[in-house]
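S.K.: One structure, as structure tokens, below. Some questions next.
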Amino acid sequence: MDEQTARRDLVRICKLMYERSYVVSSDGNVSVLLDDGRVLATPTMTCKGRTTEDMLAVTDLEGRPLNDRRASSELAMHLLIYRERPDVKAVCHAHPPNGTAFAVAGLPIDQPILSEVILTLGCVPLAEYGTPSTEELTDAMRPLVKHHNALLMANHGAVAYGADLWQAWDRLETLEHTAKIAILSRILGGSRNLPPDAIEKLINVREAAGYLNEGARCQACGYLHETSLECPSGDRVSPAYRSSPPSNGAGKVSLTREELVELLTEAARLKD
């Protein structure tokens, strides 16, 4: 993408993020990798709704500044993604309310409830908490970037990325829309997951259509383990990344009636 078009599109996405309350104040950051290897990025401490083309920072792939604008302190997150994913040319990081609610609750967005999401986005795992703008954050993200197109960061927010700015934005928007539907379905009594055979058909369709390649079979999704599909490289991310409990230990525990009776019986026996 040429720099003039990239500047225009990046600012437009910044305004969309702000208008849709995915960010407030100086939250979030967006970047694009230009054809010549330079990185165009949002500046630090600047409201995305008031960002203009002349405000954008330019760096190299090591984060070294190439103009007089200072890039966001979270640029390292973007640079990690560009290094891990040669197919990625743009990154959008924000704090969309519903997606971030999942991140704060210690939950990934990885249930097979919407066919469109399986087709175009796949699972959104939860990276462990890392202090923003430090190596803690990028170290927590690194194992997940290779096979996923969007991530939640515990107690922080969401990041999505793609072949261009609009694909990165579309994936962020899909993440937030899915999170909202998941929350609403839980209020109504819970969602119904698609069965394994339906999931297999959707995965075959998405690969044939070019929405996602076979690498997405390696995602940290519990439902992928229920299908007969295999990760081509054999390095599927550990399911532990799917359901990291909240660090304060306040997560809910679900028991069947039989398990509860057994637990109470054992407690009574020990008391005697």
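S.K.: Report whether or not residue 138 is over 21 Å from residue 223 (Cβ atoms) and either touching a helix residue (DSSP H, G or I) at 6+ places or on another chain (Cβ under 7 Å) or crowded, with 24+ Cβ neighbours inside 10 Å (or both). Step through it out loud before you land on a result.
M.R.: On the way: over 21 Å from residue 223 (Cβ atoms): yes; either touching a helix residue (DSSP H, G or I) at 6+ places or on another chain (Cβ under 7 Å) or crowded, with 24+ Cβ neighbours inside 10 Å (or both): yes.
When the stated conditions are applied, residue 138 passes them.
S.K.: Still on this structure: Condition test on residue 171, is it more than 15 Å from the chain's Cα centre (by Cα), touching a residue at least 40 places away in the same chain (Cβ under 8 Å) and either buried (at least 20 other Cβ atoms within 10 Å of the Cβ) or not in a helix (DSSP H, G or I) (or both)? Write out each step before concluding.
M.R.: Values: more than 15 Å from the chain's Cα centre (by Cα): no; touching a residue at least 40 places away in the same chain (Cβ under 8 Å): yes; either buried (at least 20 other Cβ atoms within 10 Å of the Cβ) or not in a helix (DSSP H, G or I) (or both): yes.
So residue 171 fails the test.
S.K.: Here are 112, 86: which of them is open to solvent by 20 Å² or more (accessible area, probe 1.4 Å) and not in a helix (DSSP H, G or I)? Please lay out each step first, then the result.
M.R.: Details: 112 fails: open to solvent by 20 Å² or more (accessible area, probe 1.4 Å).
Step by step, each of 112, 86 is checked, and only 86 is open to solvent by 20 Å² or more (accessible area, probe 1.4 Å) and not in a helix (DSSP H, G or I).
S.K.: Let me ask something else about it. For the structure I just gave you, tell me whether residue 62 is of a type in the set (D, E, K, R), at pLDDT 95 or above and either under 20 Å from the mean Cα position of the chain (by Cα) or farther than 14 Å from residue 165 by Cβ (or both). Spell out how you get there, then give the answer.
M.R.: On the way: of a type in the set (D, E, K, R): yes; at pLDDT 95 or above: yes; either under 20 Å from the mean Cα position of the chain (by Cα) or farther than 14 Å from residue 165 by Cβ (or both): yes.
Criteria met by residue 62.
S.K.: Just name the residue that is nearest to residue 107 (Cα to Cα) out of those in the range 117-133 that are touching a residue at least 12 places away in the same chain (Cβ under 8 Å) and either surrounded by fewer than 21 Cβ atoms within 10 Å (Cβ to Cβ) or touching a Gly at 6+ places or on another chain (Cβ under 6 Å) (or both). Lay out the reasoning, then the answer.
M.R.: As a first pass, look at the range 117-133 and keep what is touching a residue at least 12 places away in the same chain (Cβ under 8 Å): 117-130, 132-133.
Narrowing the set further to residues that are either surrounded by fewer than 21 Cβ atoms within 10 Å (Cβ to Cβ) or touching a Gly at 6+ places or on another chain (Cβ under 6 Å) (or both) leaves 119-120, 128-130, 132-133.
Working: 119: 21, 120: 20, 128: 11, 129: 12, 130: 16, 132: 19, 133: 22 Å.
Filtering first and then ranking leaves 128.
S.K.: Can you name the condition, by its number, that residue 160 falls short on among (1) closer than 22 Å to residue 217 by Cα; (2) in a helix (DSSP H, G or I)?
M.R.: (2)
S.K.: Among the numbered criteria (1) over 23 Å from residue 145 (Cα atoms); (2) of a type in the set (Ser, Thr, Tyr); (3) in contact with a Cys (Cβ under 8 Å, 6 or more places away or on another chain), which single criterion is violated by residue 5?
M.R.: Exception for residue 5: condition (3).
S.K.: Considering each of 16, 80, 107 in turn, give the residue that is of a type in the set (A, V, I, L, M), under 27 Å from residue 220 (Cβ atoms) and out of contact with any Leu (no Cβ under 8 Å at 6 or more places or on another chain).
M.R.: 80
S.K.: Would the range 61-76 turn up any residue that is in contact with a helix residue (DSSP H, G or I) (Cβ under 9 Å, 6 or more places away or on another chain), in contact (Cβ under 8 Å) with a residue 60 or more places away in the chain and of a type outside the set (D, E, K, R)?
M.R.: There is at least one residue in the range 61-76 that is in contact with a helix residue (DSSP H, G or I) (Cβ under 9 Å, 6 or more places away or on another chain), in contact (Cβ under 8 Å) with a residue 60 or more places away in the chain and of a type outside the set (D, E, K, R).
S.K.: What pairs come up if the first residue lies in the range 188-199 and is more than 21 Å from residue 228 (Cα to Cα), the second is open to solvent by less than 60 Å² (accessible area, probe 1.4 Å), and their beta carbons are under 6 Å apart, counting only those six or more places apart or on different chains?
M.R.: 191/113; 191/185
The values are calculated or read from the model by the stated rules, or taken from the named source; none is laboratory data. These figures come from a predicted structure and were not determined experimentally. FYI the Cβ positions are ideal-geometry reconstructions off the backbone, even for glycines, and counts take in every protein chain you see. With ligands, DNA and RNA removed, areas are computed over all heavy atoms of the protein, side chains included. Shrake-Rupley method; radii C 1.70, N 1.55, O 1.52, S 1.80 Å.
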